[in-house]
Amino acid sequence: MSTKKVKKAFCATLDFNIAKKIDVESTFIRALPGFSIVGMANQSIQESKDRIKSALLGIGFKFPSQKITINLSPSDIKKEGGHFDLVIALLIAFQQKSTISKDFFIFGELGLDGAVKATSAIFPILLSLARKYKNLSIMLPIDMIEKASQIKGLKIYGVSSLSEAIEFFQEKKYELPYKHEETKEFFDKKIEIDGVDYFYDLDFEFDFQDVKGQSFLKRALTISAAGMHNILLEGSPGCGKSMSIKRLRYILPPMSIEEILESCAYKSINQEDEKLSAKRAYRAPHHSSSKPSIFGGGSSKAMAGEAALAHNGILFFDELPHFSKQILESLREPLENHKVLISRVNNKIEYDTKFLFAAAQNPCPCGNLFSKVRECRCSDLEVARYKSRISDPILDRIDLYVLVDEDFSKKDTKSSLEMFKDVLKAFKIQKKRGQVQLNANLQEKELKKYCILDKSARDVLDTAINRYGLNQRSVSKILKISRTIADIDGSETVKKEYLLEALNYRKR
């Protein structure tokens, strides 16, 4: 029995949230005609055989009276996804004549008519590969080319059909000087700071102009957005807590293209809508949600949970005390270290969770403790038990605590656009100051460098530490909030009035 020459090309698969390079090999063997794929290929790849046969027959390819064997290496990694179709079909088509350039990674699912289609797995794979390797040559479905071109370090060639892909390699078009059309701008609004572009969207689907009154609340939310500070709203039902948090998303700071791509990749892993958007993520799981749905998990595949999908955006917990104790205590790690680690027997998966945590709660089980028109029906014991569901370590990780009143008589028609202008002003100051992270995520060393207090502010802080018994984390929170308030006001130093306002947002 003789074996013909082995052909080889590259593809990749997602090993949880990391792309792994896969060598795709093919050979024709003198044996009874057949078609087999080996190398821990799951059902989605095994089903590709019928699609590949139909696509190849559609372009006039004649299958030889031999056994076709496709090997996906390394064999100890599970492979899945329809994006292996194109590379396998090309190896079969070129088995007896042309060769595929060794440098190419090839992705695409085939239709029965030979059309090359995109899959949700391709984009996160490309983003992960670009972080590992430099100057990669990629062939992928043509309808992905605009979005994929936003990823730096990739030479991208789009094809719409199998015949077009075959022609590309037969004519060696990849040897021509690489010319990529100017990257399409997906976003109309952007600012440039120190050579880096940041994008934003002025489409306010929900506008703060709809929130009547609530000047104090709007000021707190502006500060929260400007520094990405965690915030907790407490007030009676109907006072505008959830309504305001829904609008918070639209005044958040601009994002870099890297942040936009990260958010899109996490959505793609979970097979959600993967369109590029300058709007930051907004996730609001119900209080009945399970722990794996919020923090990620799964028996066969560790999917990203709500905390990871909120990366670079907002994670909103409405009715905070009604979430299970296990979920609330598990929030400590993502709030402190901005990571979620999912441990499995053979692997550990880490997701980034750098989000703004927003929460809302009633003051008591019936919700009427602070109401001016309704009577509270709760006993002191019930109120104490309700409040005790949220531990001090969790409250310690929330920067702004806001008591929301029911007074809507005050005329405050401040719009989202006006609030966003304040956020944008503070954002520019933080970035021009050289900060990689916004104020809420400053480390202690950075805090000392950027948060400079004048003498009167220092005296106020010392007095507050002694009077209220503030711990180190509380002092850091107050300094970060003060820095954000100063940025909104355009001040280089943190003054007394900024520090006093920051102290006003602490949990008493």
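Give the distance, in whole Å, between the Cα centre of the range 319-337 and the Cα centre of the range 9-76.
The range 319-337 and the range 9-76 have Cα centres separated by 45 Å.
Out of the chymotrypsin sites (Phe, Trp or Tyr not before Pro) in the range 89-159, which ones are loop residues according to DSSP with at most 15 other C-beta atoms within 10 Å?
TYR133
With 32 Å as the limit, write out which pairs from LYS21/LYS190; LYS20/LYS190; LYS134/LYS477; LYS275/LYS480; LYS20/LYS117 have Cα-Cα distances beyond it, or answer none.
Details: LYS21/LYS190 35 Å; LYS20/LYS190 34 Å; LYS134/LYS477 40 Å; LYS275/LYS480 34 Å; LYS20/LYS117 21 Å.
Distance filter (> 32 Å) returns LYS21/LYS190; LYS20/LYS190; LYS134/LYS477; LYS275/LYS480.
Report the trypsin sites (Lys or Arg not before Pro) located in the range 313-393 that are in a DSSP loop and have at most 12 other Cβ atoms inside 10 Å of their Cβ, or state none.
Passing both the DSSP loop test and the Cβ count: LYS372, ARG377.
Between LYS134 and SER215, what length comes free when the chain is fully extended (0.36 nm per residue of separation minus the Cα-Cα distance, one decimal in nm)?
24.1 nm
Against the globular-protein guess of 2.2 N^0.38 Å, express the Cα radius of gyration of the range 442-508 as a ratio, rounded to two decimals.
After normalising by residue count via 2.2 N^0.38 Å, the value is 1.00.
Rounded, prolate or oblate: which fits the range 193-433, taking a ≥ b ≥ c as square roots of the Cα gyration tensor eigenvalues, rounded meaning a/c under 1.5, else prolate when a/b beats b/c?
Taking the square roots of the gyration eigenvalues as a ≥ b ≥ c, the range 193-433 is oblate.
What are the principal axis extents of the Cα atoms in the range 7-175, in Å, biggest first?
The Cα atoms of the range 7-175 stretch 46, 35, 25 Å along their principal axes.
If I take R0 = 60 Å and measure r between the Cβ atoms of VAL436 and SER101 in this structure, what FRET efficiency does the formula 1/(1 + (r/R0)^6) give, to the nearest 0.05?
Result of the calculation: an efficiency of 0.95.
Which of the three applies to the range 316-399, rounded, prolate or oblate, going by the alpha-carbon gyration tensor with a ≥ b ≥ c and a/c under 1.5 meaning rounded?
Note, shape of the range 316-399 comes out prolate.
Take the cross-link list LYS189/LYS421; LYS8/LYS97; LYS132/LYS428; LYS189/LYS428 and give me the ones stretching past 19 Å between alpha-carbons. Walk me through the numbers before you get to the answer.
On the way: LYS189/LYS421 13 Å; LYS8/LYS97 13 Å; LYS132/LYS428 31 Å; LYS189/LYS428 15 Å.
Exceeds cut-off: LYS132/LYS428.
Using modelled amide H (1.01 Å from N, peptide plane; none on Pro or chain starts), what sits under 5 Å from the amide H of PHE35, excluding residues fewer than 5 places away?
Correct list: ILE68.
Given R₀ = 30 Å, FRET efficiency for PHE35-SER160 by Cβ-Cβ distance, to 0.05?
0.75
Using Cα-only point scatterers and the Debye equation, what is log10 of I(q)/I(0) for the range 74-132 at each q in 0.29 Å⁻¹, rounded to two decimals?
Log10 of I(q)/I(0), two decimals: -1.25.
With viscosity set to 1.306 mPa s at 10 °C, what whole-number translational diffusion coefficient in µm²/s follows for the chain from Stokes-Einstein and a Kirkwood radius over Cα pairs?
Result for D is 62 µm²/s.
When HIS229, HIS286 are ordered from fewest to most other Cβ atoms inside 10 Å of their Cβ, what list results?
Listing HIS229, HIS286 from fewest to most nearby Cβ atoms yields HIS286, HIS229.
When a/c reaches 1.5 or more, the comparison of a/b and b/c decides; with that in mind, is the range 199-296 rounded, prolate or oblate per its Cα gyration tensor?
Working: a/c = 2.17, a/b = 1.35, b/c = 1.61.
Here the range 199-296 falls in the oblate category.
Read-outs throughout are calculated quantities, based only on the coordinates presented, and are distinct from any laboratory measurement. Being a predicted model, the structure only gives us computed values, none of them experimental. Positions of Cβ are generated from backbone atoms using ideal geometry, with glycine treated the same way; all protein chains shown enter the neighbour counts.
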